[in-house]
Amino acid sequence: MSRSARLDPANPSDGGRQPPSTGPDSPLGRAVWRLRSRGCWEDAAALLEPYAHELPRAAVGRAALLVERCMYTGEGWAPAEDALRVAEAVAQVDDDRGAAACERGQLAYAATVLGVRDRTDEARAALGRAAALLEPGAPGRALLDYRRGLLAENLSETPEAARAAYRRAHAGATSRGDHLLCSSTYRHLAGIAAREGELAEARHGFAESLRLREELGFLVGMAPALASLADVEPEPDSTRLREEAGRLHRLLGGVPTWLTGLLPETETEPQGPAGSAAGTDG
């Protein structure tokens, strides 16, 4: 599965049962990752569905895929809610309850930031519940810190709090080798730096985010990374990067949807800056 929402071996609450070879480098894990990285979230979630009603980690992983689909497409809210209810129902230990709460907070955040419905209070409450359930060294703590940074940056508009949360998330992701989450923390720290006029720092962060996503093959996340880097690079690199982002965006059928209208429609038709994309994806 993904590097930041992967299936782990079953814990004792699973009764010792688990899908065969559930690690990120297993056949199942690689299949889920390939689908997710190309924006095929429904197909990836379907691979985990047979295990989701009994195995908490499978349930949370499936919910995470469908929540991410909502963020990138603005669709699929009802299936994501259903998957979250399953994850919450089968959770038996605090780590799994905290992971489910973290995904519920992300779904509420996505609905708010995409303008579907204001669920700010729900997002804060869910992430607060996750923080109470997850120990400081828990596997899901870095992702939780990152998502608390998203709330601080984009809903509370407190960039210093966001920066502190992203730095905690980055340290945790680095220690666990979670390169996908590192790509997101680099990206959002760079976005704050860009808004503060620290362009050298912003270029470095956006370039590192793009590099990691390229190395991981996270195709669906590359157009936003290219667009953000384009905003802080001088010409002619800026236009080249934005055109490459546009090509990838078209290749994926207009996903993520929040980049629509911010990228060139053709290689010879430059558009305005795509800077608003820098703080959107999760």
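The values are calculated or read from the model by the stated rules, or taken from the named source; none is laboratory data. Nothing here was measured: the structure is a model prediction, and the numbers come from that model. Backbone-built Cβ (ideal geometry, glycine too); neighbour counts: all protein chains shown. When the accessible area is computed, the model is the full protein with side chains, heavy atoms only, and any ligands, DNA or RNA have been set aside. Shrake-Rupley method; radii C 1.70, N 1.55, O 1.52, S 1.80 Å.
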Checking L47 against (1) within 19 Å of the chain's Cα centre (by Cα); (2) modelled with pLDDT of 95 or more; (3) under 26 Å from G217 (Cα atoms), which test does it fail?
(1)
Scan region 229-247 and tell me whether some residue there is touching a Leu at 6+ places or on another chain (Cβ under 9 Å), within 21 Å of C70 (Cβ to Cβ), in a helix (DSSP H, G or I) and of a type outside the set (S, T, N, Q).
no
From the list A194, A161, A171, which one is assigned to a helix (DSSP H, G or I), buried (at least 16 other Cβ atoms within 10 Å of the Cβ) and of a type outside the set (F, W, Y)?
A194
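Here's the yes/no breakdown for (1) open to solvent by 10 Å² or more (accessible area, probe 1.4 Å); (2) under 26 Å from G172 (Cα atoms); (3) modelled with pLDDT of 95 or more:
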position: R6; (1), (2), (3): yes, yes, no
position: P12; (1), (2), (3): yes, yes, no
position: G16; (1), (2), (3): yes, no, no
position: G23; (1), (2), (3): yes, yes, no
position: L28; (1), (2), (3): yes, yes, no
position: L55; (1), (2), (3): yes, yes, no
position: R69; (1), (2), (3): yes, yes, yes
position: Y72; (1), (2), (3): no, yes, yes
position: P79; (1), (2), (3): yes, no, yes
Among the residues of region 136-151, is any acidic (D, E), free of Cβ contacts under 8 Å to residues at least 60 places away in the same chain and open to solvent by 30 Å² or more (accessible area, probe 1.4 Å)?
no
Residue check for G105: within 15 Å of the chain's Cα centre (by Cα) and at pLDDT 95 or above:
yes
When you check V93 against the structure, is it over 23 Å from S184 (Cβ atoms) and in contact with a His (Cβ under 9 Å, 6 or more places away or on another chain), yes or no?
no
Residue count, region 50-75 (criterion: under 16 Å from the mean Cα position of the chain (by Cα) and not polar (S, T, N, Q)):
15
Does any residue of region 236-257 turn out to be small (G, A, S) and more than 27 Å from W33 (Cβ to Cβ)?
yes
